[in-house]
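Student: Got a structure for you, questions after.
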Amino acid sequence: MWAWLALIVFVGASLNAQGKKTALLIIDVQDCFLPEGSLAVTDGEQVVPVINQIRSDYHNVVSLVVLTQDWHCSDHVSFASQHTGHDSYSLVNLTYNSQGQLCFGDSVPDDYAHGVSCISNGVSDTHSDVNHVVTQTLWPDHCVQNVTSGPKSASLSSTLEKRDTDIVVRKGYHCEVDSYSGFFDNGGFQQTELHSVLQRHDIGVVIVTGLALDFCVHYTAIDANTLGYRVIVVTDATRGVAPDTTQAALRHMEDTGIKLVRAAQLRATLDFSSRATQATPSVTATLLVTMVLLHLQV
Ligand SMILES: *[C@@H]1O[C@H](CO)[C@@H](O)[C@H](O)[C@H]1NC(C)=O
Ligand SMILES: *[C@@H]1O[C@H](CO)[C@@H](O)[C@H](O)[C@H]1NC(C)=O
Ligand SMILES: [Zn+2]
């Protein structure tokens with residue numbers, strides 16, 4: 001009987017070890033988003049020492065560090081330069097067909113290299129193959145593939161502490177669709193390898209940091225939460241592009257159950273998260289033990 005009990009306790013303990021590790025996600029801390037960059041986020045450089053400090057303070061808690069890298073074609077659809085008559089920071093509606101191809105239209109000229117003709121009769125949508133509409137903010141050209149110096153440089157900041165074991169996940173490399181989230185593009189057509197990397201490393205909790213709070217940090221955190229991770233956003237390890245979108249993003253994340261904490265509160269939050277994520281398997285193990293004890297009528 002004691003052998004059975006030992007076996008059950010062992011199985012319970014190994015259940016506890018699944019999906020319980022913690023990853024630090026460092027979103028888009030790249031030259032293009034830092035001072036001198038073409039899409040500099042105000043005070044963006046101030047996130048770097050905070051992120052480096054989190055790395056050193058939590059090296060025995062954080063088992064994986066993933067850096068995302070915005071990695072655009074030089075004529076990427078999110079660049080205002082590709083939409084004649086539309087300024088940076090304005091909004092356009094991009095339409096996609098059922099295959100996820102970008103349709104020529106209002107702001108997408110017929111000679112745009114990454115667009116296609118879609119059937120849209122404008123009167124009735126019955127025969128239209130326009131399937132998705134994505135509202136896109138237009139940006140200055142930024143984070144261009146293979147560019148390693150100057151304002152459009154896509155390089156990860158040299159001030160950021162990095163190790164050989166870090167994993168870099170690139171996003172936004174499909175020319176016809178943007179990707180704020182580190183997981184999915186803005187049309188939800190394709191995913192990056194981020195989710196599979198986290199699963200392979202048995203990650204259950206993600207600490208999200210980096211740039212910018214109202215766009216890539218926001219959508220990465222929301223998608224991580226939807227995918228079932230416990231999500232902590234460190235508010236002093238991120239900065240937003242604009243005050244109104246930053247306030248809206250903070251509210252959206254909080255309403256979704258994402259923890260917003262300052263770096264100084266991280267220790268207590270991580271203790272809470274690891275207890276919370278262990279609760280379900282422990283209950284299962286306790287039930288199993290109880291059932292066996294009842295069965296054996298001890
Ligand atoms: C995009 O489409 C939505 C829904 O039809 C509309 O409310 C909005 O005004 C459009 N935005 C732009 C920039 O055209
Ligand atoms: C960037 O470099 C890679 C490898 O050299 C190449 O395959 C790719 O086409 C380049 N991308 C651009 C936009 O130049
Ligand atoms: Zn971008």
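The values are calculated or read from the model by the stated rules, or taken from the named source; none is laboratory data. None of the values given here were measured: they were computed from a predicted structure. Backbone-built Cβ (ideal geometry, glycine too); neighbour counts: all protein chains shown.
Student: Please state which one of 77, 41 is part of a loop (DSSP other than H, G, I, E, B), within 16 Å of ligand 2 (Cβ to nearest atom) and either among the β-branched types (Val, Ile, Thr) or within 21 Å of residue 197 (Cα to Cα) (or both).
Tutor: 77
Student: Only residues that are without any contact (Cβ under 8 Å) to a residue 40 or more places away in the chain, among the acidic types (Asp, Glu) and farther than 21 Å from residue 112 by Cα: list them for segment 153-200, please.
Tutor: 164, 193
Student: Any idea which of 163, 239, 230, 200 is more than 14 Å from the chain's Cα centre (by Cα), basic (Lys, Arg) and buried (at least 20 other Cβ atoms within 10 Å of the Cβ)?
Tutor: Going through 163, 239, 230, 200 in turn, just one is more than 14 Å from the chain's Cα centre (by Cα), basic (Lys, Arg) and buried (at least 20 other Cβ atoms within 10 Å of the Cβ): 239.
Student: Could you say whether any residue in segment 64-77 is without any contact (Cβ under 8 Å) to a residue 40 or more places away in the chain and on the phi < 0 side of the Ramachandran plot?
Tutor: Looking for residues that are without any contact (Cβ under 8 Å) to a residue 40 or more places away in the chain and on the phi < 0 side of the Ramachandran plot, one finds none in segment 64-77, hence no.
Student: Do the conditions hold for residue 65, that is, is it of a type outside the set (Ser, Thr, Tyr) and either within 22 Å of the chain's Cα centre (by Cα) or not in a strand (DSSP E or B) (or both)? First the steps, then the outcome.
Tutor: On the way: of a type outside the set (Ser, Thr, Tyr): yes; either within 22 Å of the chain's Cα centre (by Cα) or not in a strand (DSSP E or B) (or both): yes.
Yes: the conditions hold for residue 65.
Residues checked against (1) more than 14 Å from residue 157 (Cβ to Cβ); (2) within 16 Å of ligand 2 (Cβ to nearest atom); (3) under 22 Å from the mean Cα position of the chain (by Cα); (4) among the basic types (Lys, Arg):
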{"residue": "25", "(1), (2), (3), (4)": "yes, no, yes, no"}
{"residue": "35", "(1), (2), (3), (4)": "no, no, no, no"}
{"residue": "48", "(1), (2), (3), (4)": "no, no, yes, no"}
{"residue": "52", "(1), (2), (3), (4)": "no, no, yes, no"}
{"residue": "85", "(1), (2), (3), (4)": "yes, no, no, no"}
{"residue": "96", "(1), (2), (3), (4)": "yes, no, no, no"}
{"residue": "109", "(1), (2), (3), (4)": "yes, no, no, no"}
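Student: Also, I was wondering about something else. Of all residues in segment 44-57 being touching a helix residue (DSSP H, G or I) at 6+ places or on another chain (Cβ under 7 Å) and of a type outside the set (A, V, I, L, M), which is farthest from ligand 1 (Cβ to nearest atom)?
Tutor: Among them, the one singled out is 53.
Student: Write out, first by first residue and then by second, each pair whose Cβ atoms fall under 6 Å of each other, whose residues are 6+ apart or on separate chains, and whose first residue, in segment 141-152, is in a loop (DSSP other than H, G, I, E, B) while the second is away from ligand 3 (no atom under 11 Å from the Cβ) and modelled with pLDDT of 95 or more.
Tutor: Once the first residue is in a loop (DSSP other than H, G, I, E, B) and sits in segment 141-152, its partners that are away from ligand 3 (no atom under 11 Å from the Cβ) and modelled with pLDDT of 95 or more give 141/81; 147/153; 148/155; 151/37.
Student: Sticking with this structure for a sec: Just to be sure, is residue 209 farther than 15 Å from residue 223 by Cβ, assigned to a loop (DSSP other than H, G, I, E, B) and not charged (D, E, K, R)?
Tutor: The answer is no for residue 209.
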